[in-house]
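Notes follow once the structure below has been shown.
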Amino acid sequence: MTLEQSYRAIVGGTLIDGTGCPPVEDCVVLMKDDRIVAVGKRGELEIPEGADLIDASGKTVIPGLNDAHNHFLWMGMRMISTIDLSKTKSIAEAVELVKKKLGEAKKGEWILGRGWDDSKWEERRFIEKNDLDPFSADAPIVLTRVCGHMITLNSKALEVAGITKDTPDPPGGQVDKGQDGEPTGVLRDARQLIQPFIPPETQELALEGLDIACSHALSLGCTSIQDAGLDDFGVKAYQAAFEKGILKVRVNIMWREGLLKSMEGIDLRVGSGNGMVRLGPVKMLMDGSLGARTAALYEPYEDDPTSKGLTMMPTEELNEKVNKFHEQGFQVAVHAIGDYGIDLVINAIEGALKGSPRKDHRHRIEHCEILSSSQIERIKQLGIVASMQPNFAGEWSGPDGLYEARLGKRRLRQNNPYRFLLDEGIPLAFGSDGMPFHPLYGIWSAVNHPVKNSRITLEEAMRAYTLDSAYASFEEEIKGSIEPGKLADITILERDLTEIPAEEIKYVRVHMTLVGGEVLYILS
Ligand SMILES: [Zn+2]
């Protein structure tokens, strides 16, 4: 290869560069090896002779998308080993899929499903053991709700786990019981009761899963992901995938606190690791989900006046943990969805910062869904990163959606207030939490937020899914925007987003995805 041939140039198309600046028409992006070396307009920027040209006329050129919160490894494994219930429209339809799987399974094999969403079902209720028992006497069944915070077991699975009418609620969780006092099969934030009995995942499955997940991500224009909470099984899987050349997208790992023990001696400071796998913040959970009615609220749920949700640990414990990790120099990322849960996390971060002030901590609140204006003010003052999922607004914030059902009309307006956060200058990192994993759908959701006051512009949404996602993992110096010196992680969309109605963004397909200057996906 001659020197000239290591140049590659994207020519034409509209550039949205990830910084939030207005789009540039008829752009040129010049790359050399794995880096961007120059950005300009056609006719003004000289392209070295012999450079490999990519024509992007009529298309949009954007930074590779960076999903700041998802469960990528588990998503990949589940794509192989579980029933996808996410598109079902009724319990009856979900039951049919489970029956079909049961028909193909070996006797006594565990039947696992995922992605059911009662807010999208005709019946508008949770699936229970009674829906499954008539056809599954011998096979344990575990069906996970779309949020991951709620599961339904059939009677066989309850029996295997020893869950009876006498089983108490575990800390931070709930075993639903019916009028007769017997478990209904629904467990809220109590997966730990069944998990030890489910055959463990293997590294083989993990590698296969990551392979599939990477292809899926590239086809959606995603070049970086942040995996929200892994133990040593997950960290080892990513490491192995990297070594075997399976890993095609860049990964930042949020690690569970237990990892410190199992991987003693390993350097866990933020950003350690190679260019493909890095260890990021420590991940903790403070509350549950709105779907499972376990997100911690100040006022009761609209559709269950007896409940204000749950907290996963006592406030003292949260404060101690946040303080300890902060003092050790780590970044923390704490899951909090309800306004009460969010306040507890803000308080904990405030306390830690009082004890030992640190300017650039970038502590994160994951989800951060139900916010008041005073909370937004405190988040700004403390320099907290809001790590949010715009697809939640798209999926559940509309008329008769889940947010309205759980929160009522008044609090509905407080969900995912992106406009207000950006107006305060709060760093906003966008991810999907895998519901669904689809960055462009998230961008569409933020631009078309059903709560009109909370809408943001296309350029702002793009920045949240690129540069500010990179900021959330301390990587904004190397990626997240199309600027000289940055990694050549670039996505080309098949249409010019500035030329189409905002409602159509979600239908736009990815034309090409480059990671480190290499073309890893082309629309066929
Ligand atoms: Zn998550």
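The values are calculated or read from the model by the stated rules, or taken from the named source; none is laboratory data. Values in this document were obtained by computation on a predicted structure and should not be read as measured data. Note that we place each Cβ from the backbone using ideal geometry, even for glycine, and neighbour counts take in every protein chain shown. Surface accessibility is based on the protein's heavy atoms, side chains included, excluding ligands, DNA and RNA. Shrake-Rupley method; radii C 1.70, N 1.55, O 1.52, S 1.80 Å.
Taking the Cα centre of the chain as the origin, how large is its charge dipole in debye, to the nearest 20, when only Lys and Arg (+1) and Asp and Glu (-1) carry charge on their Cβ atoms?
It works out to roughly 440 debye.
For the chain, give me the percentage of DSSP beta bridges that are antiparallel, rounded to the nearest 5 percent.
Restricted to the chain, the bridges split so that about 50 percent are antiparallel.
Could you pull out every one of the aspartates and glutamates with an alpha carbon less than 12 Å from that of Lys177, ignoring same-chain neighbours closer than 8 positions?
Glu128, Asp166, Asp169
Can you work out ³J(HN,Hα) from phi for every residue in the range 107-120, in order, using Karplus 6.51 cos²θ - 1.76 cosθ + 1.60 and θ = phi - 60°, giving whole Hz and x for Gly and Pro?
4, x, 5, 6, 9, 10, x, 8, x, 5, 9, 4, 6, 9
So what is the relative contact order of the chain, in percent, for Cα pairs below 8 Å that sit 6 or more residues apart?
It comes to 18 percent, rounded to a whole number.
Whole-Å semi-axes of the chain's equivalent ellipsoid, largest first, each the root of 5 times a Cα gyration tensor eigenvalue?
38, 26, 23
Could you sort 234-243, 350-359, 83-92, 480-489 so that the peptide with the highest average Cβ count within 10 Å comes first and the rest follow in order?
480-489, 234-243, 83-92, 350-359
Among the DSSP beta bridges whose two residues both lie in the range 295-396, what percent are antiparallel, rounded to the nearest 5?
10
Got the relative contact order for the range 181-331 handy, in percent, Cα pairs under 8 Å and 6 or more residues apart?
Relative contact order here is 17 percent.
Say the dipole of the chain comes from +1 at the beta carbon of Lys and Arg and -1 at that of Asp and Glu; which of Leu371, Asn130, Ala213 then lies farthest toward its positive end?
Asn130
With unit charges on the beta carbons (Lys and Arg positive, Asp and Glu negative) and the dipole taken about the Cα centre of the chain, which residue among Ser307, Gly280, Ile349 sits farthest to the positive side?
Farthest towards the positive pole: Ser307.
Just read off the accessible area of Glu299 with the full protein assembly in place, 1.4 Å probe, to the nearest 10 Å².
Looks like 80 Å² after rounding.
Under 8 Å for C-alpha pairs, at least 6 residues apart: give me the relative contact order for the range 1-151, rounded to a whole percent.
18
Show me, for the range 400-405, the HN-Hα J-couplings you get by feeding each phi into the Karplus relation (A = 6.51, B = -1.76, C = 1.60, θ = phi - 60°), rounded to Hz, glycine and proline as x.
Per-residue couplings from phi come out as 6, x, 4, 4, 5, 4 Hz.
Output the pairs from Lys244/Lys359; Lys283/Lys479; Lys120/Lys452; Lys99/Lys120 with a Cα-Cα distance over 29 Å in this structure; if there are none, say none.
Lys244/Lys359
Show me 174-181, 303-310 ranked by packing, highest mean number of other Cβ atoms within 10 Å first.
The most tightly packed comes first, giving 303-310, 174-181.
What 222 nm value per residue comes from the helices of the chain, counting each DSSP H run with n ≥ 4 as -39,500 (n - 2.57) and dividing by all residues, nearest 500 deg cm²/dmol?
Helices in the chain give a 222 nm mean residue ellipticity of -8500 deg cm²/dmol.
For Asp52, which sequence-distant residues (separation of 5 or more, or a different chain) have an amide H within less than 5 Å of its own amide H, given hydrogens modelled in the peptide plane?
Tyr7, Arg8, Ala9
When a/c reaches 1.5 or more, the comparison of a/b and b/c decides; with that in mind, is the range 415-524 rounded, prolate or oblate per its Cα gyration tensor?
The shape class here is oblate.
How much of the DSSP bridge set in the range 378-524 is antiparallel, in percent, rounded to the nearest 5?
Within the range 378-524, antiparallel bridges account for around 75 percent of the total.
Could you rank the peptides 58-70, 494-506 by their average count of other C-beta atoms within 10 Å per residue, with the highest value first?
58-70, 494-506
Taking the alpha-carbon distance from Lys106 and a cut-off under 25 Å, which lysines remain once sequence neighbours fewer than 8 residues away in the same chain are dropped?
Lys129, Lys156
Quick one: with all protein chains in place, what share of the accessible area of the chain is carbon or sulfur, to the nearest percent (1.4 Å probe)?
Roughly 50 percent of what the probe reaches on the chain is carbon or sulfur.
Which of rounded, prolate or oblate describes the range 460-524 when judged by the alpha-carbon gyration tensor and an a/c cut-off of 1.5?
It comes out oblate by the Cα gyration axes.
Please list Asp33, Asp131, Asp117 from largest to smallest accessible area, probe radius 1.4 Å, with all protein chains kept in place.
Asp33, Asp131, Asp117
Counting only heavy atoms of the protein chains, get the accessible area per residue of the range 61-156 (1.4 Å probe) and round it to a whole Å² value.
In whole numbers, the range 61-156 has 40 Å² accessible per residue.
By its C-alpha gyration tensor, with a ≥ b ≥ c as the square roots of the eigenvalues, how is the range 132-173 shaped: rounded for a/c under 1.5, else prolate for a/b larger than b/c, else oblate?
Here the range 132-173 falls in the oblate category.
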